[in-house]
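A.B. asks: One structure follows; several queries about it will come next.
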2 protein chains.
Amino acid sequence: MEKEWETLRAWKERMGQELDRVVAFWMEHSHDQEHGGFFTCLGRDGQVYDNLKYVWLQGRQVWMYCRLYRKFQRFRRSELLDSAKAGGEFLLRYARVAPPDKKCAFVLTQSGLPVKVQRTIFSECFYTMAMSGDPNEAVEMMDQIIHWVREDSSGLGRPQLPGAPAAESMAVPMMLLNLVDQLGEADEELAGKYAELGDWCAQRILQHVQRDGQAVLENVSEDGKELSGCLGRHQNPGHALEAGWFLLRHALRKGNPELRAHAIEKFLLLSFHSGWDPEHGGLFYFQDADNLCPTQLEWDMKLWWPHSEAMIAFLMGYSDSGDPALLHLFYQVAEYTFRQFRDPEYGEWFGYLNREGKVALTIKGGPFKGECGTAGPLGLVDSAPPALLTHPPFPPVSRSRFF
Amino acid sequence: MEKEWETLRAWKERMGQELDRVVAFWMEHSHDQEHGGFFTCLGRDGQVYDNLKYVWLQGRQVWMYCRLYRKFQRFRRSELLDSAKAGGEFLLRYARVAPPDKKCAFVLTQSGLPVKVQRTIFSECFYTMAMSGDPNEAVEMMDQIIHWVREDSSGLGRPQLPGAPAAESMAVPMMLLNLVDQLGEADEELAGKYAELGDWCAQRILQHVQRDGQAVLENVSEDGKELSGCLGRHQNPGHALEAGWFLLRHALRKGNPELRAHAIEKFLLLSFHSGWDPEHGGLFYFQDADNLCPTQLEWDMKLWWPHSEAMIAFLMGYSDSGDPALLHLFYQVAEYTFRQFRDPEYGEWFGYLNREGKVALTIKGGPFKGECGTAGPLGLVDSAPPALLTHPPFPPVSRSRFF
């Protein structure tokens, strides 16, 4: 026990130091003093290699800065708060393509003109996350997203084609469940407003456990059946692990130990054991449930974010259940992650390794990788250990303050 | 000279044998006897891993079968012709999403229902190619494509966004130039009808040579200037080499030796020397003109098709100019290609290698890889050597029969 305690304390310290380095990197290189908002395309040394501003990452950075400011004494700095505000202002002013319509751009020019729009809900979700300090704005967008997902998706602009199956991507209920969690975290009224939605999301996510509980599939039919072909067999271990910790949070809110056990068994352990590369280590990006070759060129690459999700999921699973097997999986992922993704020279993490673990892209930020993707999990883990340092099993209530 | 002659003859033989194996693979595994058309998703051993039918590949396979039937005595077999006809019928019946509107699907179900539509011209271009034996149908679609490209692109369904630069992808004039070539090859009336379009395409392609002639850029502004950011710096060596041989064909039609020399210097030699991986061999998929890291995860992978384009381009360049340096580059690419992409066990080629040359995807067919991508270049090279076996420099007229 003493040794476990020491190991955990060492990881907490390491996570904290790493968080400081990551936040410093983005503070130094990403702030656009001229237009507000954040440069998201940063090279290895932090140099801006494109001044486009990706909206997912604008929203996440605003959210992350606010969270750091609120949760950590050492980040209670006006520079962080002012940058978060400038980022929020930038989004309020420019993210929506044709206000009062709520559809947001996927990427903006430096000065805020829309460059591309995705026909999905994710820009709008990250916009909502950024606005979590401004409940009116957040709720307005959230309600629009719920309308697209549960009632009528035609506003997203996707054509209805007779050969396209009515498929549900796990990413959608997963993302919504995360928003329910975030919006309700410090606001009981919102927690109540979205309680039914949270249950719906959890139920939809659970439909993605298929094949007699032997596989988590990324896409299923709307009534929860396996779809044919590559679409149906597609697996994304990082998403499954991420869905797992969103379900753990939900189980905690609901006081539901069966859901907790199910989330740990299917979304954490099953996904990890089938998604971990036994030869070179690390989590595959994509897999095929029949072990056929995926058609995505990048399927066998190792991306930083599934490893971030796995670290959070295993530490949270351990914290909830006290099962030391989960703690050892946390160590396994954390060791791989710190060894392979961390850039000791310039700070921050590489995002994209080849199967063997060699850096394939040296960028620190890009269309899908931003500050929150690195600082987020470090912040979660850094703020978690006090709970972990008590003796397992931890009473749920002592842990909810930290994650 | 005697030795060169021997080497060339050996390559011709090797190409011919390889062509036979590739055609046999697709004849055996891809024909859908039930609905017509071709299965395009084939695993390493030819097994259908998804019954979706990708329209680019349907069109190309019809075109390829027709061409093999017309150009090679040994492929003048009714099975080939019948399958080409069934594929053509399938496209005529199902490719267009909402006839009489001409927009085609990108992918269809096995029975022909549309699954996805791209907001580009490429499905329609490959449809046109498939119809090259039916001039009326081909011309109708071709004229629609020309309207989208040169007059009004709104029918493609792309939103006009104020932050999106008016960019031209080299793929567009390149593809059109190839269609001009194919439609006019055996039809003088069509050759005349599209002569001005051919000149326009060539001029637009040449605008992609930027930076005082030191780089071929994939995207430029509509008036031929470099664009800012990643979009502007994006390079695709395979496309540049492909554009190169389309320009060589155009130069031959026009009797324009200056264009020939320019195509060889900029699109063949410059693109090859900057696109070839000095460390592991093979052509990179994407590059950044400032040598920054591309943001596409697959940028450093080695794909079969840029190597196919390079083999054709260098052999054609040699055939046109008699410059032995081009022949040696052909050997260099052909040796890499046959060593790395060929599957000696099950036939056909792997399509996707990692940077080091290891097979990353074992599929033989997929959303973008079909029969024509392998058989096409082999057929071109297999039918070329008779011209190459005369003494260089070859009079252009003697060569045009073969390519």
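The values are calculated or read from the model by the stated rules, or taken from the named source; none is laboratory data. Quick caveat: nothing in here was measured; it's all calculated off a predicted structure. Cβ placement follows ideal geometry from the backbone for every residue including glycine, while neighbour counts extend to all protein chains displayed. Heavy atoms of the whole protein, side chains included, go into the accessibility calculation; ligands, DNA and RNA do not. Shrake-Rupley method; radii C 1.70, N 1.55, O 1.52, S 1.80 Å.
A.B. asks: Counting only residues that are assigned to a loop (DSSP other than H, G, I, E, B) and among the aromatic types (Phe, Trp, Tyr), how many does region A:309-365 have?
C.D. replies: The qualifying residues number 3.
A.B. asks: Same structure, new question: Every residue in region B:287-325 that is more than 14 Å from chain A (Cβ to nearest Cβ) and among the small types (Gly, Ala, Ser), please.
C.D. replies: Listed by number, the residues that qualify are B:308, B:310, B:313, B:317, B:319, B:321, B:322, B:325.
A.B. asks: Name the pairs: first residue in region B:294-322 and open to solvent by less than 10 Å² (accessible area, probe 1.4 Å), second residue of a type outside the set (A, V, I, L, M, F, W, C) and modelled with pLDDT under 95, Cβ to Cβ under 6 Å, at least 6 apart or on different chains?
C.D. replies: B:308/B:377; B:311/B:377; B:312/B:377; B:319/B:399
A.B. asks: Could you go through region A:139-155 and let me know if any residue there is within 14 Å of another protein chain (Cβ to nearest Cβ) and open to solvent by 30 Å² or more (accessible area, probe 1.4 Å).
C.D. replies: Yes, that holds for at least one residue.
A.B. asks: I'm checking my understanding of the structure. Among residues of region B:344-372 that are closer than 21 Å to residue B:50 by Cα and acidic (Asp, Glu), which one is farthest from the chain's Cα centre (by Cα)?
C.D. replies: Here the answer is B:348.
A.B. asks: Can you pull out the residues in region A:84-130 that are more than 14 Å from chain B (Cβ to nearest Cβ) and among the β-branched types (Val, Ile, Thr)?
C.D. replies: Scanning region A:84-130 gives A:120, A:121, A:128.
A.B. asks: List every residue pair whose Cβ atoms lie under 6 Å apart, where the two residues are 6 or more positions apart in sequence or sit on different chains, the first residue falls within region A:163-182 and is over 19 Å from residue A:118 (Cα atoms), and the second residue, located anywhere, is at pLDDT below 95.
C.D. replies: A:182/A:132
A.B. asks: For region A:53-68, indicate whether the set of residues that are more than 16 Å from residue A:129 (Cβ to Cβ), open to solvent by 20 Å² or more (accessible area, probe 1.4 Å), among the hydroxyl-bearing types (Ser, Thr, Tyr) and not assigned by TED's automatic domain parsing to the domain that holds residue A:359 is non-empty.
C.D. replies: no
A.B. asks: OK, next. Could you check, for region A:128-136, whether at least one of its residues is farther than 24 Å from residue A:153 by Cα, in a helix (DSSP H, G or I) and either hydrophobic (A, V, I, L, M, F, W, C) or in the same structural domain as residue A:16 (by TED's automatic domain parsing) (or both)?
C.D. replies: The answer is no; no qualifying residue exists.
A.B. asks: Related question: Where the second residue is outside any loop (DSSP other than H, G, I, E, B) and aromatic (Phe, Trp, Tyr) and the first is facing chain A (nearest Cβ under 7 Å) and lies in region B:344-364, which pairs have Cβ atoms under 7 Å and are six or more apart or on separate chains?
C.D. replies: Hits for this filter: B:360/B:352; B:361/B:352.
A.B. asks: Does region A:292-301 contain any residue that is among the hydroxyl-bearing types (Ser, Thr, Tyr), in contact with a helix residue (DSSP H, G or I) (Cβ under 8 Å, 6 or more places away or on another chain) and outside any helix (DSSP H, G or I)?
C.D. replies: Yes - at least one qualifying residue is present in region A:292-301.
A.B. asks: Under 7 Å between Cβ atoms, which residue pairs at least 6 apart in sequence (or on different chains) link something in region B:265-280 that is surrounded by fewer than 18 Cβ atoms within 10 Å (Cβ to Cβ) with a partner that is basic (Lys, Arg)?
C.D. replies: Here the result reads B:277/B:355; B:280/B:355, each pair linking region B:265-280 to a residue that is basic (Lys, Arg).
A.B. asks: Also: Assuming residue B:97 fulfils every condition listed in (1) outside the structural domain of residue B:349 (by TED's automatic domain parsing); (2) closer than 18 Å to residue B:375 by Cα; (3) among the β-branched types (Val, Ile, Thr) apart from one, which condition is it?
C.D. replies: Residue B:97 satisfies all of (1) outside the structural domain of residue B:349 (by TED's automatic domain parsing); (2) closer than 18 Å to residue B:375 by Cα; (3) among the β-branched types (Val, Ile, Thr) except (2).
A.B. asks: Taking the residues in region B:1-44 that are of a type in the set (D, E, K, R), in a loop (DSSP other than H, G, I, E, B) and open to solvent by 70 Å² or more (accessible area, probe 1.4 Å) as candidates, determine which candidate is farthest from residue B:117 (Cα to Cα).
C.D. replies: It comes out as B:44.
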